[in-house]
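The values are calculated or read from the model by the stated rules, or taken from the named source; none is laboratory data. Predicted model, so just to flag it, every value in this text is computed and none were measured. No Cβ is skipped: glycine too gets one built from the backbone with ideal geometry, and neighbour counts run over all protein chains shown. Only protein heavy atoms, including side chains, enter the accessible area calculation; ligands, DNA and RNA are left aside. Shrake-Rupley method; radii C 1.70, N 1.55, O 1.52, S 1.80 Å.
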Amino acid sequence: MKKTIYALAIIATALGCKTSQSTISEKEPVLATLDLVNVKDDKVMVTVDPGKINTETIIFYIPKTVPGTYSTSNYGAYAEDLKAYDYKGDELPVTVYDENSWGISNATRLDKVTYWMNDTFDVSGEGGIYSMAGTNINEGKNFLLNLHGFVGYFNDLTEEPYQLEIIRANDLYAGSAFDLAQSSEIKPGVTKDIFRASRYFEVTDNPIMYAAPDTVSFKVDQMDVLLHVYSPTKKFNAQDFKPGMEKMITAQKDFLGEIDNTNKYAILLYLSATPGDGDAARFGALEHHTSTVVVMPEEMEKESLDESLKDIVSHEFFHILTPLGVHSKEVHYFDYNDPQMSRHLWLYEGVTEYFANLFQVKQGLISNQDFYDRIQEKIAISQRFDDSMSFTEMSRNILEDEYKDSYYNVYQKGALIGMALDIRLRELSNGEMGLLDLMKQLTAMYGKDKPFEDEELFPVITELTYPEIGEFLNTYVSGTTPIPYNQFFTRVGLEMRQGQVAVDYFLKDPSTPFITVNENGEIVLRDDVELSTFFKELDLMGGDVIKSVNGKTYNVQNVYDLIGDAAKWSVGDPVEFVVERGGDEELKIEGKVVEPMSTGKRLVEIMNPNGEQMELRHSWLKS
Ligand SMILES: [Zn+2]
């Protein structure tokens, strides 16, 4: 059991997608400049020069939402003092339309717009923006440039080429998958970096993290992987994570086989030192076509951080399959200020998440039972959502209030749809064809530059596979019938068995901790969950306030340490709790660590599977 309490904070992963790299035209580019040297009141001056404008009015936008977050972010709200200048340097009239758009009159005379951009990490609650899609300005130390949070666009000019110029101190390094076109010292200590993009989307698809150089790179087949780390207290460095990342991405490339969607990949890891206190507090990652931004708490232990990164980054990396390689028009022509959502989140997020688990068992990184435990956990979490909701309807309306809370379920039930579809495909093809094979066919048919029509996908998949697969999709994905998981499990010789299951010391499962926090910030044993054998053996009780364990004081500030410290215990070790019971009485409780067990259901292999079940299971998990 290697789950971390971070799951409690819902490790949200998200997708972002679009085509990249068409040839950069000869046209005069839109010029965007960020000045990271002259930071004022924690704000960065941004200048956007569109070149010659031929219309009398023009609208300047900063994104309201970006691909993959499935939420409204209003990045324009972080822009201050927006001004438009003509070629003589005089101001032009600007009308504020809303938080994210500005109308500019006499636009034929427009030279440029300028504004001061604030960052999101140190705003209260980060303005509701997921940290991995957010921005950081920490003068001289760190600039996390999710560029959709800095650079805006003019209507009708999103498909024009962009030139991005970044003025920075010499000692900051640009970690990014973006190709640095040019870099030169413009005055002592100050360098200008130039990046070129074929269209606005490419600007937003290439986040850059400026920080002191702390990078490692390695090659997997023909692909260059860059890992750039910002660890504010220097607790970690990039080298720490290289073995884990290299092992994982090598296994992923192995799993993917001939699919080869990118020859470079950048992992930008931002570690938050003081989550929620002026620093990022929403952990997870956002994917891009050739990179991912990952935000995690710096206080985590190396081992659990490695473990979390494995799950998070593998998910993001598999997004090169979908939506990068296979996506609909809604994704391809993403509208940053009036987004239309595709109905196929089950594919973009669900199948991606499924593969991020499947490859681990196929490549021998986890055991069969580990894989079953993850599947079962996804079933348990997904059943807290409406199981009869049409997944395609939900997906299409994910930005609407009625559906937006279902977002987390795309990683749960979405992955389970992928699993059931995989088993069904294997069954119908006598083990020959699985979901990855289907994805390869779809990649060959579409690819990153050719989107499909949202409504044509199910008929196309049916055509490529079996009529029964069409039925599956119409019944369980667009339809409202819950998936009868047990039927699928029977086919591969698995069953849900009730009994005593192993749990973590402080977590029954990632979404059911045994502990909570009271209004004083103290850690309390829950009284609404049956405690594990570990607590029962020690005679601890629901409602007990945990003051210290083995002499170390714990509270909300270092609750993660408690999880991390407990992960180092072994059965038989002496353990000592000091708890407060019933308000005033403090008790010292001494005993020994026992294997924590709790009642629950567990997905396990049946005792005597028949040949058919064995073969199907083998083709599903091992072939
Ligand atoms: Zn994702």
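Report whether or not residue 616 is part of a strand (DSSP E or B), more than 17 Å from residue 514 (Cα to Cα) and open to solvent by less than 50 Å² (accessible area, probe 1.4 Å). Walk me through it before giving the result.
Values: part of a strand (DSSP E or B): no; more than 17 Å from residue 514 (Cα to Cα): yes; open to solvent by less than 50 Å² (accessible area, probe 1.4 Å): yes.
No, not satisfied.
So which residues in segment 445-472 are open to solvent by less than 20 Å² (accessible area, probe 1.4 Å) and either of a type in the set (D, E, K, R) or within 18 Å of residue 330 (Cβ to Cβ) (or both), if there are any at all?
Across segment 445-472, the qualifying residues are 447, 452, 454, 457, 461.
So residue 218 fits all but one of (1) assigned to a helix (DSSP H, G or I); (2) under 30 Å from residue 434 (Cβ atoms); what number is the exception?
Evaluating residue 218 over (1) assigned to a helix (DSSP H, G or I); (2) under 30 Å from residue 434 (Cβ atoms) leaves (1) as the failure.
Going through segment 277-286 one residue at a time, which ones are aliphatic (A, V, I, L, M), more than 12 Å from the ligand (Cβ to nearest atom) and closer than 22 Å to residue 176 by Cβ?
So the first thing to find is which residues in segment 277-286 are aliphatic (A, V, I, L, M), and the list is 280-281, 285-286.
Those still in the list that are more than 12 Å from the ligand (Cβ to nearest atom) too: 280-281.
The one that is aliphatic (A, V, I, L, M), more than 12 Å from the ligand (Cβ to nearest atom) and closer than 22 Å to residue 176 by Cβ: 280.
Given the residues 496, 445, which is the only one that is within 25 Å of residue 509 (Cα to Cα) and not small (Gly, Ala, Ser)?
Working: 445 fails: within 25 Å of residue 509 (Cα to Cα).
Selected residue: 496, the only one of 496, 445 that is within 25 Å of residue 509 (Cα to Cα) and not small (Gly, Ala, Ser).
Looking for something basic (Lys, Arg), farther than 13 Å from residue 505 by Cα, open to solvent by 20 Å² or more (accessible area, probe 1.4 Å) and more than 34 Å from the chain's Cα centre (by Cα) - is there at least one such residue anywhere in segment 542-565? So that I can check it myself, show each step before the final result.
Filtering segment 542-565 down to residues basic (Lys, Arg) leaves 547, 552.
Filter once more, so that each one left must be farther than 13 Å from residue 505 by Cα: 547, 552.
When the remaining residues are screened for being open to solvent by 20 Å² or more (accessible area, probe 1.4 Å), the result is 547, 552.
Checking which are more than 34 Å from the chain's Cα centre (by Cα) leaves us with 547.
Within segment 542-565, one or more residues are basic (Lys, Arg), farther than 13 Å from residue 505 by Cα, open to solvent by 20 Å² or more (accessible area, probe 1.4 Å) and more than 34 Å from the chain's Cα centre (by Cα).
Answer yes if at least one residue in segment 515-523 is touching a residue at least 40 places away in the same chain (Cβ under 8 Å) and touching a Phe, Trp or Tyr at 6+ places or on another chain (Cβ under 6 Å), and no otherwise.
The answer is yes, given that some residue of segment 515-523 is touching a residue at least 40 places away in the same chain (Cβ under 8 Å) and touching a Phe, Trp or Tyr at 6+ places or on another chain (Cβ under 6 Å).
Looking only at segment 165-188, which residues are buried (at least 19 other Cβ atoms within 10 Å of the Cβ), among the hydrophobic types (A, V, I, L, M, F, W, C) and within 18 Å of residue 137 (Cα to Cα)?
166, 172, 174
Answer yes or no as to whether residue 580 is open to solvent by 50 Å² or more (accessible area, probe 1.4 Å) and part of a strand (DSSP E or B).
No.
Scan segment 567-577 for residues that are part of a loop (DSSP other than H, G, I, E, B), surrounded by 14 or more Cβ atoms within 10 Å (Cβ to Cβ) and at pLDDT 90 or above and jot them down.
Once the filter is applied, which keeps residues that are part of a loop (DSSP other than H, G, I, E, B), surrounded by 14 or more Cβ atoms within 10 Å (Cβ to Cβ) and at pLDDT 90 or above, segment 567-577 yields only 569.
Are any residues in segment 287-326 within 12 Å of the ligand (Cβ to nearest atom), part of a loop (DSSP other than H, G, I, E, B) and within 16 Å of residue 253 (Cβ to Cβ), and if so, which ones?
Scanning segment 287-326 gives a single hit, 319.
Residues that are over 20 Å from residue 486 (Cα atoms) and under 24 Å from the mean Cα position of the chain (by Cα): does segment 365-375 have at least one?
The answer is yes; a qualifying residue exists.
Out of curiosity, is residue 251 touching a Ser or Thr at 6+ places or on another chain (Cβ under 8 Å) and either modelled with pLDDT of 90 or more or more than 15 Å from the ligand (Cβ to nearest atom) (or both)? Give the steps one after another, and end with the answer.
On the way: touching a Ser or Thr at 6+ places or on another chain (Cβ under 8 Å): no; either modelled with pLDDT of 90 or more or more than 15 Å from the ligand (Cβ to nearest atom) (or both): yes.
In short, no.
Given the criterion more than 30 Å from residue 99 (Cα to Cα) and either within 15 Å of the ligand (Cβ to nearest atom) or buried (at least 24 other Cβ atoms within 10 Å of the Cβ) (or both), identify the matching residue among 372, 354, 348.
354
How about segment 42-71: which of its residues are part of a loop (DSSP other than H, G, I, E, B), more than 16 Å from the ligand (Cβ to nearest atom) and within 13 Å of residue 148 (Cβ to Cβ)? Spell out how you get there, then give the answer.
Taking segment 42-71 and keeping what is part of a loop (DSSP other than H, G, I, E, B), we get 42, 50-57, 62-71.
Cutting the leftovers down to more than 16 Å from the ligand (Cβ to nearest atom) gives us 42, 50-57, 62-64.
62, 63, 64 - these are the residues of segment 42-71 that are part of a loop (DSSP other than H, G, I, E, B), more than 16 Å from the ligand (Cβ to nearest atom) and within 13 Å of residue 148 (Cβ to Cβ).
Just one of the numbered conditions (1) touching a residue at least 24 places away in the same chain (Cβ under 8 Å); (2) in a strand (DSSP E or B) is not true of residue 240; which one?
Answer for residue 240: the failing condition is (2).
Please find, within segment 218-244, the residue that is nearest to residue 140 (Cα to Cα) out of those that are among the hydrophobic types (A, V, I, L, M, F, W, C) and open to solvent by 10 Å² or more (accessible area, probe 1.4 Å).
Among residues in segment 218-244 that are among the hydrophobic types (A, V, I, L, M, F, W, C) and open to solvent by 10 Å² or more (accessible area, probe 1.4 Å), the one nearest to residue 140 (Cα to Cα) is 236.
Residue 481 versus (1) open to solvent by less than 40 Å² (accessible area, probe 1.4 Å); (2) more than 16 Å from the ligand (Cβ to nearest atom); (3) within 24 Å of residue 382 (Cα to Cα): which is the lone unmet condition?
For residue 481, the failing item is (1).
Name every residue in segment 588-611 that is open to solvent by 60 Å² or more (accessible area, probe 1.4 Å) and without any contact (Cβ under 8 Å) to a residue 12 or more places away in the chain, in order of residue number.
607, 608 - these are the residues of segment 588-611 that are open to solvent by 60 Å² or more (accessible area, probe 1.4 Å) and without any contact (Cβ under 8 Å) to a residue 12 or more places away in the chain.
Given 301, 316, which one is among the acidic types (Asp, Glu), open to solvent by 10 Å² or more (accessible area, probe 1.4 Å) and in contact (Cβ under 8 Å) with a residue 24 or more places away in the chain? Outline the logic, then answer.
Details: 316 fails: open to solvent by 10 Å² or more (accessible area, probe 1.4 Å).
When all the criteria are applied, what remains is 301.
Between residues in segment 342-370 that are among the small types (Gly, Ala, Ser) and residues that are within 11 Å of the ligand (Cβ to nearest atom), which pairs lie under 7 Å by C-beta distance while being six or more apart or on different chains?
Matching pairs, first to second residue: 350/410; 350/414; 350/415; 356/314; 356/315; 356/318.
Which condition breaks for residue 375 when tested against (1) in contact with a helix residue (DSSP H, G or I) (Cβ under 6 Å, 6 or more places away or on another chain); (2) hydrophobic (A, V, I, L, M, F, W, C); (3) assigned to a helix (DSSP H, G or I)?
All conditions pass for residue 375, except number (1).
For segment 275-296, give me each residue that is touching a helix residue (DSSP H, G or I) at 6+ places or on another chain (Cβ under 6 Å) and on the phi > 0 side of the Ramachandran plot.
Correct list: 284 only.
Taking the residues in segment 74-100 that are of a type in the set (S, T, N, Q) and touching a Gly at 6+ places or on another chain (Cβ under 7 Å) as candidates, determine which candidate is nearest to the ligand (Cβ to nearest atom). Lay out the reasoning, then the answer.
Let us first name the residues in segment 74-100 that are of a type in the set (S, T, N, Q), namely 74, 95, 100.
Next, only the ones that are touching a Gly at 6+ places or on another chain (Cβ under 7 Å) stay: 95, 100.
Numbers: 95: 37, 100: 24 Å.
Per the criteria, the residue is 100.
Picking from 67, 29, which residue would you name as being open to solvent by 10 Å² or more (accessible area, probe 1.4 Å) and modelled with pLDDT of 90 or more?
Numbers: 67 fails: modelled with pLDDT of 90 or more.
Answer to the check: 29.
Which ones in segment 329-345 are within 16 Å of the ligand (Cβ to nearest atom) and either touching a Lys or Arg at 6+ places or on another chain (Cβ under 8 Å) or not in a helix (DSSP H, G or I) (or both)?
Within segment 329-345, 331, 334, 341, 342, 344 meet the criteria.
Restricting attention to segment 591-613, report how many residues are over 30 Å from residue 506 (Cβ atoms) and either in a loop (DSSP other than H, G, I, E, B) or acidic (Asp, Glu) (or both).
The qualifying residues number 6.
Given the conditions (1) open to solvent by less than 10 Å² (accessible area, probe 1.4 Å); (2) assigned to a loop (DSSP other than H, G, I, E, B), report the number of the one that residue 268 does not fulfil.
So the condition that residue 268 fails would be (2).
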